[in-house]
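Below is one structure, written out as structure tokens, with a few remarks after it.
The values are calculated or read from the model by the stated rules, or taken from the named source; none is laboratory data. Keep in mind the model is a prediction, meaning the values are calculated, not measured. Neighbour counts run over all protein chains shown; Cβ positions are idealised from the backbone, glycine included.
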Amino acid sequence: MQKRVDFYTTIDISCVYEHTPSGSLPTIRDSTKLGVFLFPEEYMNNESRKNFVKHPIKTAILVDGGFYRKRSKSLWGNKSPIDRANELNDYCYKHLQDKYENRYLYRIFYYDCPPISKNIYNPITQKTVSLEKTPDHAWMSEFLKELKHHRKFALRMGRISDTQVHYSLKHEPTKKLLRGDILPADLTIDDLELNLEQKGVDMRIGIDISSLAFKHQVNQIILISGDSDFVPAAKQARREGIDFILDPMRAPIKDDLFEHIDGIRTPNLYPTGAHTKNS
């Protein structure tokens, strides 16, 4: 057996454990295959255990902001802008805590759009609404401002298409209306939702993934998203030798996405039963 055992050395035994980013037990792989190897403690003698070294892995965390805000609200309820920003910071740093890898943070890239200031017609109240004066606008402005104060955060801002902003009926009221269960006069303002279309966010995510990979600025990319638009960039990053991990925050993803990533991992931000949703 070789004197020094580490992640990037082929170990002279018949098999080794290869780390899987999901945090589950690694799978058995042939020892001659180069990769991120883990030599489990139960196979080590005292001398090997002393010489075991985990090489540092430089990790970039990319956050799809619109996805994170929606999923975090679903998982952990409504929060103030400051609390949500602190929660995101803690959630990202949870990804650096890994039993098998010595990860350290390169940077957290956050992708979103600033709130739009526009007057829009509400068909229920038949009045024009100034989006700049709404609570959602104030919340989002404060949230982005707070993120800028966090260390290692880089904000990548797209924009909201001002020609596509409109109110539309939610799914359930639409079905009831078509079935004849309710009349148009029965609709309320709660039956409407504001449709906002982001521009440039997915493009910026793809560009940054490609840039990080081509310049070899990191060893590992963790993407917090549930979108499949990242697949071309992920494939390119993997061809450049980047370990690409997806965190869908417990949301279901398509089966065909698994062939384009190196693993899935969603950390537990709160211990079971330690946190409940706020209404």
**Request:** Kindly provide the set of residues from region 144-178 that are in a helix (DSSP H, G or I) and in the same structural domain as I82 (by TED's automatic domain parsing), ordered by number.
**Result:** L144, K145, E146, L147, K148
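Just give me the residues in region 232-272 being touching a Phe, Trp or Tyr at 6+ places or on another chain (Cβ under 6 Å) and in contact (Cβ under 8 Å) with a residue 40 or more places away in the chain, in sequence order. If you could, list the steps in order and put the result at the bottom.
So the first thing to find is which residues in region 232-272 are touching a Phe, Trp or Tyr at 6+ places or on another chain (Cβ under 6 Å), and the list is 234, 237-238, 261-262, 269.
Matches in region 232-272: D262, L269.
Any idea how many residues of region 127-138 are assigned to a helix (DSSP H, G or I) and of a type outside the set (A, V, I, L, M)?
5
Could we say that V231 is surrounded by 13 or more Cβ atoms within 10 Å (Cβ to Cβ), modelled with pLDDT of 90 or more and in the same structural domain as D98 (by TED's automatic domain parsing) here? First the steps, then the outcome.
Numbers: surrounded by 13 or more Cβ atoms within 10 Å (Cβ to Cβ): yes; modelled with pLDDT of 90 or more: no; in the same structural domain as D98 (by TED's automatic domain parsing): yes.
No; evaluated as a whole, the condition is false for this residue.
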**Asked** When you go through (1) of a type in the set (S, T, N, Q); (2) under 23 Å from Q198 (Cβ atoms); (3) outside any helix (DSSP H, G or I) one by one for S141, which number turns out not to apply?
**Response** (3)
**Request:** Quick one: in region 213-231, of everything that is touching a helix residue (DSSP H, G or I) at 6+ places or on another chain (Cβ under 7 Å) and either free of Cβ contacts under 8 Å to residues at least 12 places away in the same chain or assigned to a helix (DSSP H, G or I) (or both), which residue is nearest to Y104 (Cα to Cα)?
**Result:** A213
**Request:** Report yes if some residue within region 140-157 is surrounded by 15 or more Cβ atoms within 10 Å (Cβ to Cβ), in contact with a strand residue (DSSP E or B) (Cβ under 8 Å, 6 or more places away or on another chain) and at pLDDT below 95; otherwise report no.
**Result:** no
**Message:** Please determine whether any residue of region 188-198 is on the phi < 0 side of the Ramachandran plot, more than 28 Å from the chain's Cα centre (by Cα) and part of a loop (DSSP other than H, G, I, E, B).
**Reply:** yes
**Request:** Would you mind stating whether D181 is free of Cβ contacts under 8 Å to residues at least 12 places away in the same chain, more than 18 Å from the chain's Cα centre (by Cα) and either part of a helix (DSSP H, G or I) or under 28 Å from H137 (Cα atoms) (or both)?
**Result:** no
